[in-house]
Structures are given as C-alpha cells and as structure tokens.
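One structure is given here, and the rest of the page talks about it.
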Amino acid sequence: MSFIKRTFRPIYHFFLLLRILNVHKTIYINLKYLPWGQALRFPIFVFGRLKIQRSDNGGIEIRHARICRGMIKIGKNIDGHYSHNLPVELILSQKLIFQGYAWISGGTMIETYRGTIDIGNFCVIGSGTMLKSESGIILGNLTRIAYCSTIMDTNVHFIKNTKTGKVNNSSAPISIGIGCWINAFSFISKGAILPNHCITARNSMVNKDYSTVCPPGTFFRLPGKAGVGVQQLEGGRQIVVHKFLQLCFFVRVLLRQRKDTPADLFQPGDLLAHHRVWDGIVHLPQLAQQGSVLVPCGGLTQGIHSQV
C-alpha cells in the first residue's frame, strides 16, 4: 500500500494543481516576461484571473541564485478576504523585481508607473492590496502586507502652499525593512521608511522616515509624531510573530526545497531579521540572550513556549 501511495501521490498532486492553476496565464507570463533560462523552469504560477499590461521599459526580473518551479505564486488565496476572488492586475511601465520566493493574493494591483518595485525574498502580499510606484518601492525580506493595504510613493498631483508659494515634490521613495508586518487597511505614502521588524496596526498611516526616530521592532498604533502612539516591542514581553499562514508558507518551502537552504536569507549582522526554520519549528533568535524561543507552527493560538 505504501508503494502505491508513493507512486500515485505525485500524479494526484499534479492533477490537483492543474485544477486550480490558470495554465494559460502561467505559460504566458513565464515565456513572455522572463529569460528562457528561467522561463522553462516556470517559477511563476498564476491562480485565478490575471490582467497584465506592459510598456517597452516594463518587465519582470527574478534575482535569486536558484530558480525553482512555482516559487512565485500570483492570485492564490492567502487570507480568505472576499477580494481574493478579484483578478490580479499588473501594470508594468518599469521593472517588477522579485528577490526570491513571494506570494501575491488575488485582487492585488501592482503598478510600476515610473519607478521600480522590489519585492524581497519570502514576502507575502494580501488580497486587495495596491502598490503604485513613481520613485521606487522596496519591500524587505520576510515582510508581510495584510489585505486591503495601500503603498503609494506618490500623491499623483502637486500641491502648492498658497502662503509660501512652495510646491513640494509629489513623490518620494518608500522603503520597508526586513521582517515587517503591515496590518490590514494600512496606508504607506511617499517618503515612508520603516526600520526592520516593525508592525503597523490596522488603519495606520505611515508617511515619514521613522528610521531615525524609532528603533527596529517598533509597533505603530496610531499615526502621529515619534513617541506618540508608538510602542517599543520588548523582547521579553512581546514577540514579533508573523501570522500562521505566512509561517506555514515558509515551512512548506524550506522543507520541500531542502537543497535550497535558508542560509542565503541570513546575513551575519541581521540576526533579528529572520525566523529560522528547522523541521517545522520557527526559532526566534532575538531572544537568544534570555533563552531560546520555539513557536510550533500548529500551535500559535496556544501561546509561545519558551525554554530558559
């Protein structure tokens, strides 16, 4: 019986994938927008509907040492929000860059109007999210954007101060650090810079450079000045833990792609930036001084188990 299961399980999963995969769009986006050496590996899987427009300067780049089949999933439901049934829309006037694995849920609109969008390794973008770039948007590795969030580096229109006569720039680059969690309905506007491991609460507005006033691991509860509505996450009391679906995504990829070790994700000076995964266990090294912390992927709702 075990031999039969081992024989037919890959066949079953193959036909299951064909049932939910948009085969036509998957073939089209890979062969149309990627170099042949990458396209024949089919690193991009499309689920559901996809609308894509491209100008002469637009395109898709994957900058990862090892190209794997299905490493970028577009249109697959990740959060259960009703907007995941809507099509994904890509408007590519400039480059859309993937640094590695990524998961983009349905209903997302990504527009590289005049600037590039750089999506880090193991980023997750929730349903109904809008990303529009005129100067440039950078998402750090292991960053998650929850559903119905907006990231725009432009005001679209210029605004004049009638008293001073000054007209400010309508756009400025956005940079989101490593391991950040952008909660649902957040709005990140031009010039916003978030340090590593930050969390924004729902309906937050981030519109300035917080890297100079807020340390890494800051929880933004309300829009406002530095120190107002801002809470520092203390390692012994609060832990930055991504949602269950994102953890399962990391575990699934890292355990199935055993040859693609997570070592290339971790930089020596960024221990706080990564959640290491071994055999289905997520290890948070930021509490190494107080004792290792293990978070079983199946038991996030049951609290956190700490070994001191």
Among the strands (runs of 3 or more DSSP E) contained in the stretch 59-112, which hold 3 or more residues that are in contact (Cβ under 8 Å) with a residue 24 or more places away in the chain and aliphatic (A, V, I, L, M)? 88-92
For VAL167, only one of the following conditions fails: (1) β-branched (Val, Ile, Thr); (2) over 15 Å from ALA201 (Cα atoms); (3) buried (at least 18 other Cβ atoms within 10 Å of the Cβ). What is its number? (3)
Is there a residue being at pLDDT 95 or above and under 12 Å from the mean Cα position of the chain (by Cα) anywhere in the stretch 57-72? yes
Can you name every residue in the stretch 18-36 that is touching a residue at least 24 places away in the same chain (Cβ under 8 Å) and more than 14 Å from LEU90 (Cα to Cα)? ILE20, LEU21, ASN22, LEU34
I'd like to know if the stretch 17-27 contains one or more residues that are within 27 Å of GLY136 (Cα to Cα), touching a Phe, Trp or Tyr at 6+ places or on another chain (Cβ under 7 Å) and surrounded by 10 or more Cβ atoms within 10 Å (Cβ to Cβ). yes
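The rows are residues; the columns are (1) in a loop (DSSP other than H, G, I, E, B); (2) within 17 Å of the chain's Cα centre (by Cα); (3) modelled with pLDDT of 90 or more.
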position	(1), (2), (3)
THR162	yes, no, no
GLY165	yes, no, no
ASN169	yes, no, no
SER175	no, yes, yes
ALA184	yes, yes, yes
GLY191	yes, no, yes
HIS197	yes, yes, no
ASN203	yes, no, no
SER211	yes, no, no
When the stretch 113-151 is checked residue by residue, the ones that are outside any strand (DSSP E or B), touching a Gly at 6+ places or on another chain (Cβ under 6 Å) and not hydroxyl-bearing (Ser, Thr, Tyr) are GLY115, GLY120, ASN121, GLY128, GLU134, GLY136, GLY140, ASN141, LEU142, ALA146, CYS148
Report yes if some residue within the stretch 71-91 is within 21 Å of SER171 (Cβ to Cβ), in contact with a strand residue (DSSP E or B) (Cβ under 9 Å, 6 or more places away or on another chain) and among the aliphatic types (A, V, I, L, M); otherwise report no. yes
Flag if LYS73 is among the basic types (Lys, Arg), surrounded by 13 or more Cβ atoms within 10 Å (Cβ to Cβ) and within 30 Å of THR154 (Cβ to Cβ): yes
Within the stretch 1-53, residues of a type in the set (S, T, N, Q) and assigned to a strand (DSSP E or B) come out as GLN53
Select, from SER175, SER189, SER211, the only residue that is among the hydroxyl-bearing types (Ser, Thr, Tyr) and over 26 Å from VAL88 (Cα atoms). SER211
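The values are calculated or read from the model by the stated rules, or taken from the named source; none is laboratory data. Being a predicted model, the structure only gives us computed values, none of them experimental. Here Cβ is always computed from backbone atoms with ideal geometry, including for glycine, and neighbour counts include all displayed protein chains.
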